[in-house]
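Below: one structure, written as structure tokens.
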2 protein chains.
Amino acid sequence: MNKDSIKIFCPATIANISCGFDVLGLALSAIGDEMVIKKVRNPGLSITKISGLDLPKEIHKNVAGVAGLAFMEASEYKGGFEIEIYKKIKAGSGIGSSAASAAGAVWGMNYLLDSPFSQHQLVQFAMAGEKLASGVAHADNVAPAIYGGFTLVRSTEPLDVIPIHVPKELYASIIHPHIEIKTSDSRKILKTSISLADGIKQWGNVGALVAGLYQEDYGLISRSLVDHIVEPIRSILIPGFDEVKHEALGAGALGCGISGSGPSIFALSKGLKTAQKVTQAMSKVFENMDLSYDPYVSKINTKGIQIMTL
Amino acid sequence: MNKDSIKIFCPATIANISCGFDVLGLALSAIGDEMVIKKVRNPGLSITKISGLDLPKEIHKNVAGVAGLAFMEASEYKGGFEIEIYKKIKAGSGIGSSAASAAGAVWGMNYLLDSPFSQHQLVQFAMAGEKLASGVAHADNVAPAIYGGFTLVRSTEPLDVIPIHVPKELYASIIHPHIEIKTSDSRKILKTSISLADGIKQWGNVGALVAGLYQEDYGLISRSLVDHIVEPIRSILIPGFDEVKHEALGAGALGCGISGSGPSIFALSKGLKTAQKVTQAMSKVFENMDLSYDPYVSKINTKGIQIMTL
């Protein structure tokens, strides 16, 4: 492999894991973009190829470009980079399409320069791309894409990302119904205040979920995968949500919720077989509704972005 | 030791640990009540002695009595019990005085009957005592008193107590200024709604604190010991709170907050020496205010209630 060029896998990610709204995310193995990053002699950054989605190649209009620029401004490197993006994650799916591109760009560039920056810094650069995509420099998806596994974003200002232990038998099911929800709409629908009583339930569940992950206690993980605050409101925007959730839990899922701001719905299960059953059960609901969808079953990706053979 | 009679140490406890309002508590080693529980042939429950505090011996008016009755109603035991209570934890101090008596009674009775009930059930019986004391059947203090260490009460209906890993070098400082705050007042002062933004910060911190405890990451524990919601309001009721907290952090504490509903103030530190310094620094504030106080330094008590030699 030529060290001036790498091909990488940039994972899809689930943000807003039930009770962990705005703080808990995880990386997937079964779906992700591919990117090729090349070091070139001429200074500057260019996106030379994009396939799979109709996205702008102009650096300032592309999340990978904006993230890459943030990286290059902080770097002492005098040369340039070329980026090829092979999108597999659909835009607006709710599983971190923009984050994969932003995180992949900076991770790849860092690798080619022998890693001058930490994962923490890479998340900060990638957040610039997220700001272009959604107007908010959030780390919900770029953090798990870069760190892998489960991440808790304790704070974004200053940035504080905490990698959380991943139980060995944990699998994710994802179902992406082909409907459009704008991130801005799903933000607008939220209430700006909540009851203290609901807040207490929510932070009790977040603490318990983190404990469940460390203890590999699947029962506790299941009891904690509850969202009293955001899911009851946002699920209104996703036709069939309640039925999908009912079927997922009926098929043995530990929990089920909205991925990111939707429309994708995720479920977590113990063991691959259960996760497969759960994905099938979720799929059936959208089949009965005559709504097209993409189904996935995935191990939790504990490595994050990874090098592929060119 | 006669198996018909035991003497036990019933630890003081800290509830509402900063971000963990209403969910996170811990047990202390350095302060606690002592109780003697005796099996007697005649049915029924009696409190034969109380020292240290002027509390009613009538079973229905005493938290240990009420908790003990809840235990006996669920038990098949046909005989009776006698209880002696040696109070060392002052009433209204905010470090679980009523919880120690309630938890101690049911723990001791269970021990003498060869443990027919689980810790989970003992917490439920002890909660009946807490209901008498504060009007609310909460588990914030009885859970750590019975389980020991750090506990997270994910839910009270149904009861779900999660023991959390305790880092080896964690110590607590407590300072109890001799002022009176009624639990009912400190409940009333709270707002019934909070902003979603503050809620997100709070559950981010709870998740991070739990992760910090499992990872024994004292820096992370320190960054997470923040309460955006309750402390800013309740601290108004405790004269000198801001200065005490400032001095505690200045002396090296990882974090500092209100114990229970106050007036006691706790700090957590890494290592005994720092905890001693922190207690001294906190003490000085009340000395300068000419307010009398009780200072404590304590290891986290990972065992909870323990048998003493009679």
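Just a few scattered comments:
- Cα long-axis angle, helix B:196-215 against chain B (0 to 90 degrees, to the nearest 10): 70 degrees
- Relative contact order [Cα under 8 Å, 6+ residues apart], the stretch B:170-299, whole percent: 41 percent
- Neighbouring Cβ atoms from other chains, within 10 Å of the Cβ of residues in B:150-159, number 4 on average.
- Cα long-axis angle, helix B:119-134 against chain B (0 to 90 degrees, to the nearest 10): 80 degrees
- Distant-in-sequence amide contacts of B:G96, defined by a placed amide H-H separation under 5 Å and a gap of 5 or more residues or a different chain, comprise B:T13.
- Here's how it looks for B:G262: its modeled amide H is under 5 Å from none belonging to a residue 5 or more places away or on a different chain.
- Copies compared at A:L190 - label distances in nm, ascending, label defined 7 Å from Cα in the Cβ direction: 2.3
- Pairs of Cα atoms nearer than 8 Å and 6+ residues apart set the relative contact order; for chain A it is 25 percent.
- Summary for B:Y77: label point 7 Å along Cα→Cβ; distances to the equivalent points in the other copies, ascending, 7.1 nm.
- Nearest-ten-degree value, helix B:241-250 long axis tilted from longest Cα axis of chain B: 70 degrees
- Between copies, the label points at A:H246 (set 7 angstrom from Cα along Cα-to-Cβ) are spaced 5.8 nm, reported in nanometres from shortest to longest.
- Karplus-derived HN-Hα couplings along the stretch A:78-84 (A = 6.51, B = -1.76, C = 1.60, θ = phi - 60°), whole Hz, x at Gly and Pro: 9, x, x, 9, 10, 10, 10
- Rounded to 5, the percent of DSSP beta bridges in the protein assembly as shown classed as antiparallel: 85 percent
- Contact order relative to length of the stretch A:49-135, as percent, for alpha carbon pairs under 8 angstrom and 6 or more apart: 41 percent
Read the figures in this text as sums done on the coordinates, not as results from a lab. Because the structure is predicted, anything quoted here is derived from the model rather than measured. Quick reminder, even Gly has a Cβ in these numbers, built from the backbone with ideal geometry, and neighbours come from all protein chains shown.
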